[in-house]
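Shown next, in structure tokens, is the structure this report addresses.
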Amino acid sequence: MGLTSLDLIFPKLVSIKGSSLFLGHSLVVYDLPNLEEIGLQKLQSIDNGNVKIANCPQLCYVNTVNWTALGVPVVHYNETATCNEENCPTECRGFCWNSYTCQKTSKTKCDSSCIGCTQDYSPNHCLECKYFNNSGTCLENCPENKIVDNYSGKCIEPQNCISKNGSWTTFRNMCVPESPKNADSRNSSKKICEGMKIVNHFELEQMVNCTHINGSLELSLVGSVSLSDLERTLGKIVSISKYLKITRSHKLTSLQFFDKLRTIKGDQLWSRYYSFYVTKNQNLQQLFGGKFKLNIKNGTVIFQDNPHLCPYYVDKFFDVTKIASKHKPFKFKNGHQAACITKDMTVSIESVNSTNITLSWKKEGNRTILGYTIYYTYTFGNVDFLKMKDEVGEVDGDSWLSVFVTNASVTLKNLYAFSNYTYYIKTHFLSSFENVQTPVYYFATPPGDPTEPRELEAEAKSDTMIELIWKIPNYINGELSYYKLAIYVQKDYAPMILQRNYCRHPFVETGCTCMKKDILQMFLHQNVCIGQDGDHYCNDKTVYTVDETPKSEPPKSFRIHKRSVTFNSTIKDGQEFILNATDNYTVTLPVYGLEHFTMYTFYVRACNSKVSENDTEHCGGPEMVSERTLKKNSADIVSSLSIQVNKSEANISWTQPEFANSVILAYNVEYSKNSDTVSVLTCITSKQFDNQGFLILKVSPGKE
């Protein structure tokens, strides 16, 4: 009941296979009153099924997880009112498990057999195998001398399957339990199921392992269903005795999950004519795989009102099944909303900066063009077009943005700096049945300027040192390389300060202190920056760290250094220093060698690496903070005290402190007669002292 994060019990969970589902869900989080986060930091993939989260009143950071990247089609979750702030660290790009842990998804450099990896392009360094594990090497198929154990996802020796526990056997290069009771004794893989209409996940689960349908099979799926779900439940069907009807399954994009279907007998037909009926499937784009073999023994087929199913696939189906030689098939109004012709187009980049790009292309042919739709989306690298689509859903989903133009050029605005984009162009002709689409193209935006550092604070630690603390910019827009620190000395302006009589109106300590901003405690262990003693002078525009000699140029990559800045001469106003960046979230910088009780103003700017030698400097705006060093206790001590007595007056003078704590406002003078036990305390302003020194009137003659 006290569980606050699933990571506490599943700290190494990398993949959820979903080979068996609970009402269509592979991850169900239910009735955990103290759960605050999902927190599965190592999770890379959910291969099958949806996610259901309910009755967790304290749960936050659900919407900050990129469930699509994990492979989840649908997340059923009702957000609670307790999640007022769900802020990810800046470097997470909006996706995190909690306020301090980014969601790390598999990079494109991993081998195709891996789910996450520790070494690029190596099937031997996977965090988890996507397909099968062959003695530590991830493979898409097991070697010929081994068989598949689907329950463990491993390639094993045949003898290891037989000796497993006495109830397993080998069948078709797989290690499987002994045949179920309803399997045909002549064929251990055959399972006969009664026909039914499938609308939801629950009904779909009843088709698992079915190979022969005794009756008709109707699909009218409501909601999203993953392709892997359909393959697992319907992928073993070989024969249907009556008819197959697929209608109004709006999230269905392909029928490739029926790749083992060989026979539709047509013992009973739909509407007296049809043994295969495919109509009104809004997003159906493909039929069966390239090597399918289907024998339709009786009845005909119909494809109608499938707006994204190109006629090419329908005609190919007719050719393979040879249905036209038996019965007249029907096809009408298919592919009218799709670009069924893919044609390359020469696209030029007219101009590009960190947030905008202008593309242009040549108008081809003499046909009347209504316009062009440009679809584009942010991506981590080169991505295959089919993989950019949802497994079951429209191409023009939430991940794609689109712009319609009538001319052969477009300016895409408000892009992310230093990012890769995928795009394609669809041409709309006057005839709605002749839309043409390009292949997928790519472009990258150059780096821009980072935003200013955040939460810059200064705190005086001594009379010669001020400590600066700041956080990295909200938006880096490139590769953060170094910081520029400019320091200005703010000398106190004596003429204005001395207008006030500090003897009559002295400065009064109120005890009021300024409240410091909170510093994220979870990052403190990464940011222990210790200033070192010694002669470490930073010349103008130099890089300096306490464990390295000065650099002539800023570093080109992130490096962690404990560092400080120390001065052994007077700072020039506006003097600028370059400090190499680290990969820490918070930067701590002690500045040594300052003058005592002096006001300093610090300007900090973040700068990105250049992408080429001719590239301009990418530095963001400055963040400013001011702070005064502490006073020096020995700085205000006067010296060379002298007294001149003239009859009844005594004139006392002294040498003013050479390096006082800022402007001298007044002096407190305490004196008494040797015979008196009570002393007199008198205040004299610095102006009065400069004019006449300090006079004691009515001095008794002959007395000390």
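Any read-out appearing in this document is the output of simple, stated calculations on the displayed coordinates, not a laboratory observation. Since we're looking at a predicted model, the values are computed, not measured. So basically every Cβ, Gly included, is an ideal-geometry build from the backbone, and we count neighbours across all protein chains shown.
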Residue order, fewest to most surrounding Cβ atoms within 10 angstrom, among Met624, Met465: Met624, Met465
Ranked by how many other beta carbons lie within 10 Å on average, peptides 625-635, 220-230 from highest: 220-230, 625-635
Listed residue pairs exceeding 19 Å between alpha carbons, taken from Lys130/Lys154; Lys293/Lys326; Lys331/Lys426; Lys316/Lys426; Lys245/Lys331: Lys331/Lys426; Lys316/Lys426
Column: log10 I(q)/I(0), Debye, Cα scatterers of the range 639-696, q = 0.16 Å⁻¹: -0.56
Burial order of peptide ranges 466-476, 62-72 (average beta-carbon count within 10 Å, highest first): 466-476, 62-72
Stretch gain in nm, segment Ser639-Gln304, where the contour uses 0.36 nm per residue and the Cα spacing is subtracted: 110.1 nm
Burial ordering of Met496, Met599, Met345, fewest other beta-carbon atoms within 10 Å first: Met496, Met599, Met345
Rg in Å to one decimal, and Dmax rounded to a whole Å, for the range 192-334 via C-alpha atoms: 13.7, 39
Gain upon complete extension [Lys461, Asp319; 0.36 nm per residue less C-alpha separation]: 42.7 nm
Rel. contact order, % - alpha carbon contacts under 8 angstrom, at least six apart, the range 639-696: 33 percent
Integer Hz, Karplus 6.51/-1.76/1.60 couplings in order for the range 45-62, x for Gly and Pro: 7, 10, 6, 7, x, 9, 10, 10, 10, 7, 6, 10, x, 9, 6, 10, 6, 9
Under 5 Å, built H, 5+ apart or other chain: amide partners of Tyr482: Ala581, Cys607
In order through the range 614-621: 3J(HN,Hα) via Karplus (6.51 cos²θ - 1.76 cosθ + 1.60), integer Hz, x for Gly, Pro: 8, 5, 7, 6, 10, 10, x, x
Relative contact order (%) - the range 192-334, alpha-carbon pairs under 8 angstrom, separation at least six: 18 percent
Exposure proxy ranking, count of Cβ atoms within 10 Å, fewest first, for Arg367, Arg605: Arg367, Arg605
The range 299-312 - phi-based ³J(HN,Hα) in whole Hz, Karplus 6.51/-1.76/1.60, Gly and Pro as x: x, 10, 10, 9, 10, 8, 6, 10, x, 10, 9, 5, x, 4
